[in-house]
1. Only one residue in Ser209, Ser233, Ser248 is among the polar types (S, T, N, Q), under 15 Å from the mean Cα position of the chain (by Cα) and over 23 Å from Thr164 (Cβ atoms). Which one?
2. Limited to region 34-50, what total is found for residues that are buried (at least 16 other Cβ atoms within 10 Å of the Cβ), within 16 Å of Met117 (Cβ to Cβ) and among the charged types (D, E, K, R)?
3. Please work out if Pro206 is without any contact (Cβ under 8 Å) to a residue 40 or more places away in the chain, part of a loop (DSSP other than H, G, I, E, B) and not aliphatic (A, V, I, L, M).
4. When region 129-188 is examined, which residues are found to be outside any strand (DSSP E or B), of a type in the set (Ser, Thr, Tyr) and more than 25 Å from Gly84 (Cα to Cα)?
5. Just a yes or no: is a residue in region 246-266 among the charged types (D, E, K, R), farther than 30 Å from Thr26 by Cβ and outside any loop (DSSP other than H, G, I, E, B)?
6. So Leu264 passes all but one of these: (1) more than 25 Å from Leu107 (Cα to Cα); (2) within 14 Å of the ligand (Cβ to nearest atom); (3) surrounded by 15 or more Cβ atoms within 10 Å (Cβ to Cβ); (4) not basic (Lys, Arg). Which condition number does it fail?
7. Restricting region 225-249 to residues that are of a type outside the set (Val, Ile, Thr) and over 14 Å from Ala180 (Cβ atoms), which is nearest to the ligand (Cβ to nearest atom)?
Amino acid sequence: MAFVTEQQIQKFHEDGFLVLEEFFTTEECDAMRKQIHKIIADMEVPPHCRTEFSTKEEEQLQAQGSTDYFLTSGDKIRFFFERGVFDKKGEFLVPKEKSVNKIGHALHAYDPIFKQMTHSSKVQELGRKLGLENPVVVQSMYIFKQPGIGGEVTPHQDATFLYTEPLGRVLGLWIALEDATQENGCLWFIPGSHTGGVTRQMVRAPPGSIPCVQFLGSEQPYEDSQFIPVPISKGGLILIHGEVVHRSELNSSNSSRHVYTFHLMEAKDTIWSRENWLQPTPELPFPSLYL
Ligand SMILES: O=C(O)CCC(=O)C(=O)O
């Protein structure tokens, strides 16, 4: 790729997001897709862990919040499912490869292909161009946006879930492994919405509580007209500021929209909130991007 320019970095600071087309090659995207195919083929999920994923606040508290399958997934490779894919006994109603909403949250640490892509020299160079001194990888996800059922992601700021002091230290890197279009659920952003802090914070509830997370504050009622669609071709990367408001729609098309995404935190002079759902563990302290 033609490497990121000063103008692009300035645009990122203005808008809170930046599109970098052709960041990864077709071969790199296909290697990630092939690896996920293998991971799904080997997937074993006990019925009590068949957690349906939602970004709607109430459903989030009921589904992810009622079990520590989510809360303890920060240092594991775990599967989260679309709504309505299980019958009452927890058996799959659809082919299992079509049932998964996302895989999280430590592919970057435990899978060799995703580890290599996350720490690739071009990602490291991007970090350096952005002036990151000690970036660490806090989480990763593979998101499927399954054809016909891939659920919407409601408007949010990533710092709601990945809170730091000061703010402005979290960055998402979102890599399209297939073309992402308005039809199959590309991202939508409110340009410039990253400058006003966060309005909502998801925190751990006291130990033993159900749900195991709760929200402080609330998301603002954004107007649809504030959002712009950001389609991107396979191999492109979108850089996402931790406080920019973004969303994606239900995928009602016949095409999937696979992405690999991970989040970095500039660890220099930053406090990671002890109240975040995601915590570094003795097994997996947040790894340095530059290793
Ligand atoms: O991929 C999507 O549809 C949404 C991802 C997203 O908003 C996020 O990871 O913060």
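1. On the way: Ser209 fails: under 15 Å from the mean Cα position of the chain (by Cα); Ser233 fails: under 15 Å from the mean Cα position of the chain (by Cα).
Unique residue meeting the criteria: Ser248.
2. Summing the residues that are buried (at least 16 other Cβ atoms within 10 Å of the Cβ), within 16 Å of Met117 (Cβ to Cβ) and among the charged types (D, E, K, R) in region 34-50 gives 0.
3. Criteria met by Pro206.
4. Thr160, Tyr163, listed by residue number.
5. Step one: list which residues in region 246-266 are among the charged types (D, E, K, R), which gives 247, 249, 257, 266.
Within this subset, residues satisfying the condition of being farther than 30 Å from Thr26 by Cβ are 266.
Imposing the further condition that a residue be outside any loop (DSSP other than H, G, I, E, B) reduces the set to 266.
Yes.
6. Failed condition: (1).
7. Only one residue tops the list, namely Gly242.
Values quoted throughout were computed directly from the atomic coordinates according to the rules given, and no laboratory measurement underlies them. Model, not experiment: these values are computed from the prediction. All Cβ positions, even for glycine, are placed from backbone atoms using ideal geometry, and neighbour counts span all protein chains on display.
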